[in-house]
Amino acid sequence: MKAVVMKEVGGIDVMEFVDRPEPVARPAHVVVEVAAAGVNFMDIGVRQGMAWTDIPNPKVLGVEGAGRVLAVGDGTGEFAVGDRVAWVYAPGSYAQRQSIPAASLVKIPDTVDDRTAASTMMQGLTASHFATDFYPVQPGDIALVHAAAGGVGLLLTQIIRLRGGRVIGRVSSEDKVAIARKAGAEHVIVDTDGRFADEVLRWTGGEGVNVVYDGSGPKTFKGSIEALRRSGTFCWYGPVLGGPGPLEIMNLPKSIKIGYATFMDHIHTRELLLDRTKQLFDWIEDGSITVTIGETYRLADAAGAHAAMASRATTGKLLLIP
């Protein structure tokens with residue numbers, strides 16, 4: 001079986017396409033044939049030594065994908081050979097086959113294809129949590145969505161609109177404006193220097209936005225604070241690009257609320273995983289949201305996918321196809 005491992009912490013040169021032992025269906029695990037694996041900023045963080053430091057190298061990258069069940073272990077009665085399944089936070093997904101805890105799997109509806117399902121799990125669940133739990137968007141709320149043409153940004157924009165909110169999107173280049181607008185952003189700001197707050201304030205009549213979703217790193221932190229209205233909420237995510245540095249809480253303006261959103265809080269029970277994925281798949285089936293697949297890469301070219309994602313030049317979801 002082929003898989004992509006990182007041999008040590010470092011750049012894309014530490015990634016290797018290698019032979020690995022065939023997985024077996026241990027108790028409470030299911031072996032799947034991977035049809036598509038999602039590429040996420042988290043994977044870059046793992047490669048750079050920001051996570052999974054307790055797992056020895058070489059280790060297989062990736063946490064998300066979709067495929068078909070090949071074998072089931074004891075205690076996995078919910079699944080049978082031949083089932084189409086998707087998963088999230090199952091380390092080792094950059095592979096042709098993978099043994100996955102059954103608790104991390106959900107069944108894919110017949111009307112949703114494998115690539116769409118693989119593109120929905122990490123980023124769809126993240127976007128859903130942001131707009132429903134972290135800050136429950138209400139009708140008429142205005143949100144500033146950074147990286148609005150990225151995988152999370154496109155889904156988040158659509159979910160905010162479903163909840164009756166309005167979206168100002170920020171993108172890094174003119175060629176991303178159209179895709180952000182298509183997802184539902186009413187106004188799109190092109191900015192690479194973190195100088196967007198004045199335009200946000202102009203567009204909101206000086207009031208600012210109710211919520212900012214910012215995964216763009218330290219460069220945008222100050223502007224995001226300035227773009228908020230009084231008692232606004234700042235959702236910070238995406239540790240790969242770095243944090244804002246030490247904060248003096250008594251210097252925060254306008255009674256704003258700042259929080260750091262981590263993925264495992266999105267679906268901390270299996271019931272939440274099943275409920276949130278069902279909602280996402282229902283929205284896909286009825287056309288309420290559209291999943292945008294930006295690029296697909298051969299599994300052997302996972303390093304190229306990492307380089308493309310790190311460049312911030314991509315739109316939508318990046319997938320690896322074994």
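The values are calculated or read from the model by the stated rules, or taken from the named source; none is laboratory data. Note that the coordinates shown come from a computational prediction; the quantities given were computed from them, not determined experimentally. Here the Cβ positions follow ideal geometry from the backbone for every residue, glycine too, while neighbour counts run over all protein chains shown. SASA here: full protein model, heavy atoms, side chains in, ligands and nucleic acids out. Shrake-Rupley method; radii C 1.70, N 1.55, O 1.52, S 1.80 Å.
In region 159-177, which residue that is part of a helix (DSSP H, G or I) and out of contact with any strand residue (DSSP E or B) (no Cβ under 9 Å at 6 or more places or on another chain) is least open to solvent (accessible area, probe 1.4 Å)? Show your work before the answer.
Step one: of region 159-177, the residues part of a helix (DSSP H, G or I) are 159-162, 174-177.
Next, from what is left, pick out any that are out of contact with any strand residue (DSSP E or B) (no Cβ under 9 Å at 6 or more places or on another chain): 159, 162, 175.
Values: Ile159: 1, Leu162: 77, Asp175: 123 Å².
Residue satisfying both the conditions and the ranking: Ile159.
Just the residues that are touching a residue at least 40 places away in the same chain (Cβ under 8 Å) and part of a strand (DSSP E or B), please, taken from region 254-269.
Passing the criteria: only Gly259.
Quick check on region 208-218. Is at least one of its residues modelled with pLDDT under 95, within 23 Å of Thr262 (Cα to Cα) and of a type in the set (Ser, Thr, Tyr)? Explain how you work it out, then say what you get.
Initially, region 208-218 is screened for residues modelled with pLDDT under 95, giving 215-218.
From the residues that got through so far, the ones that are within 23 Å of Thr262 (Cα to Cα) too are 215-218.
Applying the additional criterion that residues be of a type in the set (Ser, Thr, Tyr) yields 216.
Yes, region 208-218 contains at least one residue that is modelled with pLDDT under 95, within 23 Å of Thr262 (Cα to Cα) and of a type in the set (Ser, Thr, Tyr).
From the list Ile249, Ile267, which one is among the hydrophobic types (A, V, I, L, M, F, W, C), within 15 Å of the chain's Cα centre (by Cα) and at pLDDT below 95?
Details: Ile249 fails: within 15 Å of the chain's Cα centre (by Cα).
Result of the check over Ile249, Ile267: Ile267.
Between a residue in region 139-165 that is β-branched (Val, Ile, Thr) and any residue that is part of a strand (DSSP E or B) and open to solvent by less than 20 Å² (accessible area, probe 1.4 Å), which pairs come within a Cβ distance under 6 Å, given they are 6 or more apart or on different chains?
Here the result reads Ile142/Val209; Val145/Val167; Val145/Gly169; Val145/Tyr213; Thr157/Val145; Thr157/Val167; Ile160/Ala143; Ile160/Val167, each pair linking region 139-165 to a residue that is part of a strand (DSSP E or B) and open to solvent by less than 20 Å² (accessible area, probe 1.4 Å).
Can you tell me which residue is nearest to Lys7 (Cα to Cα) among those in region 270-312 that are of a type in the set (Ser, Thr, Tyr) and either outside any helix (DSSP H, G or I) or more than 16 Å from the chain's Cα centre (by Cα) (or both)?
If we filter region 270-312 for residues that are of a type in the set (Ser, Thr, Tyr), which is where we start, we get 277, 288, 290, 292, 296-297, 311.
Now drop any that are not either outside any helix (DSSP H, G or I) or more than 16 Å from the chain's Cα centre (by Cα) (or both), which leaves 288, 290, 292, 296-297, 311.
Values: Ser288: 42, Thr290: 36, Thr292: 31, Thr296: 24, Tyr297: 21, Ser311: 22 Å.
Among those residues, the one meeting the criterion is Tyr297.
Would you point out the residue of region 193-207, among those that are in a loop (DSSP other than H, G, I, E, B) and open to solvent by 70 Å² or more (accessible area, probe 1.4 Å), that is nearest to Ile142 (Cα to Cα)? If you could, list the steps in order and put the result at the bottom.
Step one: of region 193-207, the residues in a loop (DSSP other than H, G, I, E, B) are 193-196, 204-207.
Restricting the remaining residues to those that are open to solvent by 70 Å² or more (accessible area, probe 1.4 Å) gives 193, 195, 207.
Working: Asp193: 22, Arg195: 19, Glu207: 10 Å.
Among those that are in a loop (DSSP other than H, G, I, E, B) and open to solvent by 70 Å² or more (accessible area, probe 1.4 Å), it is Glu207.
Surrounded by fewer than 21 Cβ atoms within 10 Å (Cβ to Cβ) and within 18 Å of the chain's Cα centre (by Cα): which single residue out of Ala103, Ala51 fits that description?
Numbers: Ala103 fails: within 18 Å of the chain's Cα centre (by Cα).
On inspection, the qualifying residue turns out to be Ala51.
Would you check if there is a residue in region 295-308 being within 26 Å of Ala131 (Cβ to Cβ), open to solvent by 60 Å² or more (accessible area, probe 1.4 Å) and either touching a Leu at 6+ places or on another chain (Cβ under 7 Å) or not aromatic (Phe, Trp, Tyr) (or both)?
Of all residues in region 295-308, those within 26 Å of Ala131 (Cβ to Cβ) come to 295.
If we keep only those that are open to solvent by 60 Å² or more (accessible area, probe 1.4 Å) as well, we get 295.
If we keep only those that are either touching a Leu at 6+ places or on another chain (Cβ under 7 Å) or not aromatic (Phe, Trp, Tyr) (or both) as well, we get 295.
There is at least one residue in region 295-308 that is within 26 Å of Ala131 (Cβ to Cβ), open to solvent by 60 Å² or more (accessible area, probe 1.4 Å) and either touching a Leu at 6+ places or on another chain (Cβ under 7 Å) or not aromatic (Phe, Trp, Tyr) (or both).
Look at region 1-27 and say how many of its residues are modelled with pLDDT of 95 or more, surrounded by 13 or more Cβ atoms within 10 Å (Cβ to Cβ) and either farther than 22 Å from Arg298 by Cβ or of a type in the set (Phe, Trp, Tyr) (or both).
Of the residues in region 1-27, 2 are modelled with pLDDT of 95 or more, surrounded by 13 or more Cβ atoms within 10 Å (Cβ to Cβ) and either farther than 22 Å from Arg298 by Cβ or of a type in the set (Phe, Trp, Tyr) (or both).
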